1. Averaged across A:15-24, how many Cβ atoms of other chains sit within 10 Å of each residue's Cβ atom?
2. What list of ³J(HN,Hα) values in whole Hz, one per residue of segment B:94-103 in order, does the Karplus curve 6.51 cos²θ - 1.76 cosθ + 1.60 (θ = phi - 60°) give from phi, with Gly and Pro shown as x?
3. How do the peptides A:131-141, A:111-121, B:89-99, A:13-23 rank, highest first, by the average count of neighbouring beta carbon atoms within 10 Å per residue?
4. Within 10 Å of each Cβ in peptide A:126-134, how many partner chain Cβ atoms are there on average? Round it to a whole number, please.
5. Within a 10 angstrom radius of each residue's Cβ in A:157-168, how many Cβ atoms of other chains show up on average? Whole number is fine.
Amino acid sequence: MNRPSWSDEAFTLLFNGLYPGLCRYLERLLGRDGAAQETAQEALLRLHRLGPGEVAAGEERFWTYRVATRLALKELRRAEVRRRLAPFLPPFLSEPREGEADPGGRLERSELARSLRQALGRLPARQRAALLLREDAGLSYSAIAALLEAPLSRVKTDLFRARRALRSELVGSGSGRDDRSTRARP
Amino acid sequence: MDPHDPESLSLYLDGELDPAGRARVEEHLASCAPCRATLEAFTKVRELLRDEGGLAAPADELAQRRALREILRSRAPEPLWRRPVVLPAPGFAALVAALLVAFGTVVFDRLPPGRKLLQERRAEETPAREEAPALASSGSSAGPWDPASFDGGGRMEVFVATHPLAGGS
């Protein structure tokens with residue numbers, strides 16, 4: 001039995017609404033342009049193949065962000081493995097892939113942008129994903145929890161820790177008050 | 001919830017507190033300068049993240065159009081049973097030959113045993129006939145005979161003759 005397929009007009013409308021924001025979110029999550037565009041395209045391709053009836057109406061954005069986030073987190077895990085193995089590999093295997101390092105990339109058009117990008121890059125991947133899903137995609141806590149398949153309490157903690165880390169790096173510690181409950185927990 | 005807990009400030013910033021919790025945090029903020037500074041810093045981080053001019057790259061419209069075109073042109077992968085199988089000509093010939101050999105072997109194995117053995121015997125008929133006179137000379141019947149013979153229906157007849165050992169008592 002054949003699935004119903006998207007009409008080109010309907011999918012184009014959906015695509016154009018999702019792609020720019022998704023790329024922006026993934027660029028920040030992954031820290032490089034090329035991979036963000038590839039990942040966004042892959043997520044939207046999967047949505048296209050599913051057909052219009054497979055994702056509830058109005059849920060396409062959530063579905064696409066969920067798929068894209070999973071792909072991105074998987075890619076980040078791979079990158080971490082590559083980074084750890086790099087000292088033991090011959091140079092041609094350990095060099096970053098195209099676009100992996102983006103030292104002169106367009107994201108770094110300003111000092112602040114570079115600082116923010118570096119600070120984001122130092123966050124654990126899940127904290128970064130939670131923060132960007134909140135600030136970039138504007139998802140609610142419960143939606144983020146569902147998307148990351150994590151308990152709500154974990155999302156709250158991840159968001160807070162991510163903000164605290166960025167505050168320390170970008171804004172300064174501010175109050176100077178010891179955040180007794182905010183120290184990184186193991 | 002402890003209103004002095006910075007985590008509650010993060011929830012407050014995101015509007016994730018219920019009205020009672022929100023009221024408690026606001027009451028606390030009115031009298032706690034460090035918490036106000038923390039909230040201000042969190043707000044600043046949010047502004048930095050959302051600042052379009054600070055970080056957002058301009059949309060790559062060319063890449064967007066290309067991605068859309070590729071998706072619209074793509075087709076879902078066909079199920080395995082509907083995919084065409086492409087074989088190079090020598091490979092295909094080898095495959096056909098192997099199938100023929102396998103088919104012939106199976107057909108030969110399924111022949112009735114009598115026919116199969118007859119076919120084998122016919123192939124070896126001449127040497128077998130040459131050995132027969134030696135046995136025939138010791139038999140009671142005149143003329144050559146076969147110690148074993150087969151009919152076409154798969155039955156086998158075996159003729160056994162006993163001979164006294166030469167020089168026995």
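Quick note: the coordinates plus some simple rules give every number you see, no bench work behind them. In this text the structure is predicted, and so the values were computed from the model without any measurement. Positions of Cβ are backbone-derived with ideal geometry, glycine not excepted, and every protein chain shown enters the neighbour counts.
1. 4
2. These are the phi-based 3J(HN,Hα) values: 4, 5, 4, 4, 4, 5, 5, 4, 5, 5 Hz.
3. Output ranking for A:131-141, A:111-121, B:89-99, A:13-23: A:131-141, A:13-23, A:111-121, B:89-99.
4. 1
5. 5
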